[in-house]
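A.B. asks: A single structure is presented below for examination.
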C-alpha cells in the first residue's frame, strides 16, 4: 500500500495528514485530529470523559474506527479502491499518534494552542511543547543506547532475535538512540507487564458495523467502541485524558496569563523523570503495531507470532 521508496517504514507517511492540512481543499480533515467534549471542566475535573457527548462526531475517535474499517474491508460486493486503502493507512498511523498526545483531547483554548508558554526562553504554546519541545529535548539529550544493540552469537537467543528486529526497523536517524531507550528500558523493562493490557479492547457493547453505520447516518454521537475492528479509541484515551488534570496543565495557566517557562525542574523535569512522554510514545507505537498486525497479518504469522509486536 506504500510507495517502494518507503522500504516498509511507516515514518515516511506519518506526518502526511498534517502536511495536507495546509491545503484549503483538505479542510474537511482538520477536525479529525482531535476530539472535544460538549462539556468539560479541565484541568479541574477529568472523570467520565465523553459522558456529555462530543461537539462533533467528525473527530479522531470515529476517524480511527473508520480508517481501520477502510483497511479491513474485503467485501467483494463493495470493493475498496487501492487508493482508499493507502490513504486510510496514512491517516491511521497519524491519528493513533495524535490520540496519545493529551492536548488533542482538550478543547479548552484550542487544545492549549492558545496558551502561550516559554521553552528555554523562546515563545511557544502549551500544545506545541508537547508536540515538539519535550520530545526534541530527549532526542538531543539521550546519551544511552547510541550504539546498535548486540546481535552477536554470544547474545542470548531471544534477546538477539529481538535486537535484530529492532535494528532492522531503525533508519540511522537522529532519534535512533531515543527509540532504543524506549524499547529496551521501557517496553522490555519497567512496562513489560503492561504491554498486553495496552492493546486490549474491552468492548462489551457488541456494536456491529451495520449498527455503527446506522448511528452515524442518523447523526448520533458514537461513544461506544466497536467490536468489528480491533481498535477502541475511546477506551484508549481515558488515561491520557486524565493526565490533563495533573500538573501537565500548569495550575492557573490560561490564554490570558503571562507565558511561563516550562523547561524547569518542576515541569519538564518531572515529565522526564517519570518517563511520561516516553510511555505515551510506547503505548501509541505498540497499539498501532498490534492493530496493523491484526488487520494485515497473515493468519499463519499471527498464529506463530501473535499480534503483540515483539512479544510472540
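Read-outs throughout are calculated quantities, based only on the coordinates presented, and are distinct from any laboratory measurement. Computed from a predicted model, the values in this text were never measured in an experiment. Note that we place each Cβ from the backbone using ideal geometry, even for glycine, and neighbour counts take in every protein chain shown.
A.B. asks: In a solvent-free Debye calculation with one equal scatterer on each Cα, what is log10 I(q)/I(0) for the stretch 4-305 at q = 0.11, 0.15 Å⁻¹, listed in the order of the q values?
C.D. replies: -0.74, -1.38
A.B. asks: What number do you get for the stretch 92-169 when its Cα radius of gyration is normalised by 2.2 N^0.38 Å, N = residues? All intermediate terms of the calculation are to be shown ahead of the outcome.
C.D. replies: Values: Rg = 18.5 Å, N = 78, 2.2 N^0.38 = 11.5 Å.
It is 1.61.
A.B. asks: Note down the relative contact order for the chain as a percent, whole number, built from C-alpha pairs under 8 angstrom at least six residues apart.
C.D. replies: Values: 369 pairs, mean separation 69.6, N = 312.
Answer for the chain is 22 percent.
A.B. asks: Tell me, rounded to the nearest percent, the portion of alpha carbon pairs in the stretch 30-138 spaced more than 23 Å apart. Intermediate values should be presented prior to the final figure.
C.D. replies: On the way: 2446 of 5886 pairs.
Summing the P(r) of the stretch 30-138 above 23 Å gives 42 percent of all pairs.
A.B. asks: Would you list 227, 246 from fewest to most Cβ contacts within 10 Å? Show your work: numbers first, answer last.
C.D. replies: Values: 227 17, 246 12.
Ascending number of Cβ neighbours within 10 Å: 246, 227.
A.B. asks: Listed highest first by mean packing, meaning other Cβ atoms within 10 Å per residue, what order do 121-129, 100-108, 261-269 come in?
C.D. replies: Numbers: 121-129: 17.7, 100-108: 23.4, 261-269: 14.9.
Highest mean packing first, the order is 100-108, 121-129, 261-269.
A.B. asks: Which of the peptides 279-286, 135-142 is most tightly packed, and how do the rest follow, judged by the mean count of other Cβ atoms within 10 Å per residue? It would help to have the intermediate numbers written out before the result.
C.D. replies: Details: 279-286: 20.5, 135-142: 15.4.
With the highest mean Cβ count within 10 Å placed first, the list reads 279-286, 135-142.
A.B. asks: Calculate for the chain the 222 nm mean residue ellipticity that helices alone would give, adding -39,500 (n - 2.57) per DSSP H run of length 4 or more and normalising by residue count, nearest 500 deg cm²/dmol. Please list the in-between numbers first.
C.D. replies: Numbers: 13 runs with 121 residues, N = 312.
Rounded to the nearest 500, the figure is -11000 deg cm²/dmol.
A.B. asks: Any idea what diffusion coefficient the stretch 78-209 gets from Stokes-Einstein, in µm²/s, Kirkwood Rh on alpha carbon pairs, 25 °C, 0.890 mPa s? Don't jump to the answer; show the numbers that get you there.
C.D. replies: Working: Rh = 18.6 Å.
Translational diffusion coefficient: 132 µm²/s.
A.B. asks: Something else about it: Looking at the calculated P(r) for the stretch 256-297, what percent of the C-alpha pair distances fall above 12 Å?
C.D. replies: Values: 597 of 861 pairs.
That fraction is 69 percent.
A.B. asks: Right, here's the next one. Arrange 109, 34 by Cβ neighbour counts within 10 Å, fewest through most, would you?
C.D. replies: The order, fewest Cβ neighbours first, is 109, 34.
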